[in-house]
Structures are given as structure tokens and as C-alpha cells.
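Here the structure is laid out as C-alpha cells; the discussion comes afterwards.
The values are calculated or read from the model by the stated rules, or taken from the named source; none is laboratory data. Quantities reported herein were computed from a predicted structural model and do not represent experimental measurements. FYI the Cβ positions are ideal-geometry reconstructions off the backbone, even for glycines, and counts take in every protein chain you see. Keep in mind that these areas ignore ligands, DNA and RNA; they rest on the heavy atoms of the full protein, side chains included. Shrake-Rupley method; radii C 1.70, N 1.55, O 1.52, S 1.80 Å.
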Amino acid sequence: MSNLFMPKFENSKLGMTDNSYSTSLPGSSESISRRDILKSLTMGGLAGSVLRVIPAQAAEYAHHLVQAEKASAGGAYAPKFFSPQQYKTLQALCQAIIPPDNHSGGAIEAAAPEFIDLLTSENSDYQLKLGGGLMWLDSTCNDRYGKNYLECTPEQQKQILDLIAYRKNAKADPSISQGVEFFSFLRNLTADGYFTSAIGIKDLQYIGNKYMKDFPGCPVLPEA
């Protein structure tokens with residue numbers, strides 16, 4: 001995946017080893033580890049992070065790690081934090097959030113679940129929010145339908161997701177507030193994983209810093 005969101009640093013070098021990512025940042029010669037890069041993606045713009053200046057490069061690196069593992073394992077990916085059952089649920093939820101359509105692949109094709117698992121493996125807050133959220137989801141489905149989320153019918157899955165997709169529902173029923181917070185958090189992470197992938201960037205139709213002779217502006221909206 002080309003880094004389209006930020007310019008490459010001059011004289012930068014990506015060390016494709018298991019535990020290192022070395023880059024020559026302006027005014028710095030610090031060696032940055034794989035763990036630092038992944039943690040930077042969960043820290044946002046924290047002033048204390050040396051990686052605050054390269055979030056797009058860090059996201060690119062995370063996707064490269066996933067691609068490299070799949071290439072060496074015949075297309076397979078081994079979850080770093082989630083159990084096999086949890087990871088299957090994560091995949092199903094990500095695909096429900098961003099499904100494929102007639103012009104682009106969805107969250108699965110963009111490797112959003114792998115991206116989320118990789119980041120979660122390096123962040124204890126993510127582990128608590130996502131691990132606890134998946135446990136809540138299965139527990140709630142068992143209470144309502146007598147089975148885990150993945151074992152529910154498509155209609156039952158839709159019912160529970162429709163319930164936790166809106167914050168207003170938690171005001172009416174505080175018992176689902178954890179589920180609402182979990183699903184909101186997961187939606188954001190799924191979007192992050194999708195729109196930093198090659199598929200997501202293509203779906204955005206982002207063309208980068210390209211010279212244009214003229215700019216036609218926005219198309220005229222049809223009359224109502």
C-alpha cells in the first residue's frame with residue numbers, strides 16, 4: 001500500500017524485521033521498535049509520542065506486517081490477542097460494519113480484523129474494551145436467544161446490532177450501555193483499518209498531490 005496521506009521522510013528506511021522499524025526522523029536518530037509503531041496507532045496525537053509525526057506510515061507498516069504474515073503462511077493469519085472464536089466474531093462484526101459492495105471489497109477484504117487484532121495485542125485499553133465487549137455480546141445473545149452471537153440467525157444478529165448501534169437506546173435501557181460503547185469503538189477501529197488499506201484508499205478515490213489544469217467543482221444536484 002502506498003502512503004498517500006503523508007509525504008515520505010527523506011532518507012527514511014523501513015526495517016522489515018520482526019521487531020524493528022528504523023526511520024530517520026527530522027532531528028532524531030532514535031530507533032523505533034515494532035511495538036512503538038503499533039502503540040502509536042492507539043495513542044492518537046499524544047504529545048509524548050515520537051511517532052505522532054508519522055501516524056500514516058505507522059498504519060502502513062501495520063498493514064505490511066499483516067500482508068507479510070499472510071504471504072509466508074499461505075494466506076493465513078494467526079490472531080495475536082483474540083481467541084479463535086472471538087476472532088471469528090470480530091470478522092463477522094467488521095464485515096457487518098463495512099460489507100463489500102458492487103465496486104469495492106469490504107472490511108474482510110481490506111484486512112480490517114487483522115489490523116484491529118494487531119493493534120489490540122499491544123494496547124491493554126483496547127484489550128479491555130474489545131475483549132470485554134465481545135464477552136458482553138455473547139452473554140447478551142445467550143440471555144436473549146439462548147446461543148452465542150455467531151450461532152444466532154441473521155435476523156437475530158441484526159436485531160442485537162440494531163440495538164447497540166444507537167446511543168439513544170442506552171438511554172432507554174442502561175443495561176446495554178456497555179454494548180453501545182463497544183460497538184461504537186469497534187466501528188471506529190473498523191473504519192481506521194479499512195480506510196488505511198489499499199482497498200479503502202482506492203474506495204476513497206484519493207489521487208494525492210496531482211496537478212490539475214482546472215477544477216470543475218462539485219456536480220450540480222438534481223432538483224428535488
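Could you tell me whether residue 88 is of a type in the set (Lys, Arg) and open to solvent by 70 Å² or more (accessible area, probe 1.4 Å)? When the stated conditions are applied, residue 88 passes them. Look at (1) loosely packed, with under 15 Cβ neighbours inside 10 Å; (2) assigned to a helix (DSSP H, G or I) and you find that residue 94 fails only one, number (1). Of these, 121, 139, which one is open to solvent by less than 70 Å² (accessible area, probe 1.4 Å) and touching a helix residue (DSSP H, G or I) at 6+ places or on another chain (Cβ under 8 Å)? None of the other options fit; the residue is 121.
Applying the selection to segment 80-91, what residues are touching a residue at least 40 places away in the same chain (Cβ under 8 Å) and either in a loop (DSSP other than H, G, I, E, B) or over 13 Å from residue 186 (Cβ atoms) (or both)? Residues satisfying the conditions are 80, 81, 82, 85, 88.
Counting the residues of segment 179-217 that are modelled with pLDDT of 75 or more and part of a loop (DSSP other than H, G, I, E, B) gives 2. Within segment 142-166, the set of residues being part of a helix (DSSP H, G or I), free of Cβ contacts under 8 Å to residues at least 24 places away in the same chain and more than 17 Å from residue 181 (Cβ to Cβ) comprises 142, 143, 144, 145, 151, 154, 155, 156, 158, 159.
Taking the criterion of being open to solvent by 50 Å² or more (accessible area, probe 1.4 Å), under 20 Å from the mean Cα position of the chain (by Cα) and free of Cβ contacts under 8 Å to residues at least 24 places away in the same chain, the residues of segment 167-204 that qualify are 188, 195, 204.
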